[in-house]
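A.B. asks: Below is one structure. I have some questions about it.
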Amino acid sequence: MRIMIAAVAAASLSLVAVLVGQTPQKKTASATSIARGKYLVEDTGKCGDCHTPFTEKGEPNKEQWLQGATLPFKPIVPMPVWADKSSSIAGLPGWEKDAAIKFMMTGIASNGLPARPPMPQYRFNQQDAEAIVAYLGSLAPAK
Ligand code: HEC
């Protein structure tokens, strides 16, 4: 008898756990993912240094956050390939989600080529690449 009560109690406890756990967990996962992506973009990848225009005071222009910029620097030795402008990556316009994740993991875009320097060829792991893409996708694209 005791064993049965214990078993029933355990079963209903795990049912409660399942009921409580499910839906909210999914939501938290994507909010967590976006928050991690924001951290990776802002503090690790420093994407804004190149992808956000600067104001005259030399501060990143928050109103055009990650909307692409003319780079404020040039190579001091001639570089055969060099991009003077960075792309607008707020909202990741024109990118399929999977291609964007692959790009953040390999540095190779869907045309099979890396972006031109000085865009770094990042090698984020899958989870971090997904987080970055989730964060960038959550931003409003440039008007
Ligand atoms: C040192 C400057 C620099 C940094 C830092 C940088 N980028 Fe870039 N990025 C560029 C430039 C310049 C281009 C344009 C390259 C081109 O036109 O070929 C670019 C292009 C891109 C593209 C478009 C690639 C394509 O082939 O269309 C994406 C997406 C991108 N960057 C995402 C990011 C993300 C995300 C980060 C941060 C994790 C980041 N970039 C950090 C300079 C930078």
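The values are calculated or read from the model by the stated rules, or taken from the named source; none is laboratory data. None of these values were measured; they are calculated from a predicted model. FYI the Cβ positions are ideal-geometry reconstructions off the backbone, even for glycines, and counts take in every protein chain you see. Heads up: the accessible areas ignore ligands, DNA and RNA and are worked out on the full protein's heavy atoms, side chains in. Shrake-Rupley method; radii C 1.70, N 1.55, O 1.52, S 1.80 Å.
A.B. asks: Over all directions, what mean area does the Cα convex hull of region 30-138 project, stated in square nanometres?
C.D. replies: 7.3
A.B. asks: Could you calculate the FRET efficiency of ASP98 with ASP43 from 1/(1 + (r/R0)^6), where r is the beta carbon distance between them and R0 is 30 Å, rounded to 0.05?
C.D. replies: The formula returns an efficiency of 0.75 here.
A.B. asks: Now, a different point. Residues of region 30-138: accessible area per residue at 1.4 Å, in Å²?
C.D. replies: Numbers: 6870 Å² over 109 residues.
I get 63 Å² per residue for this part.
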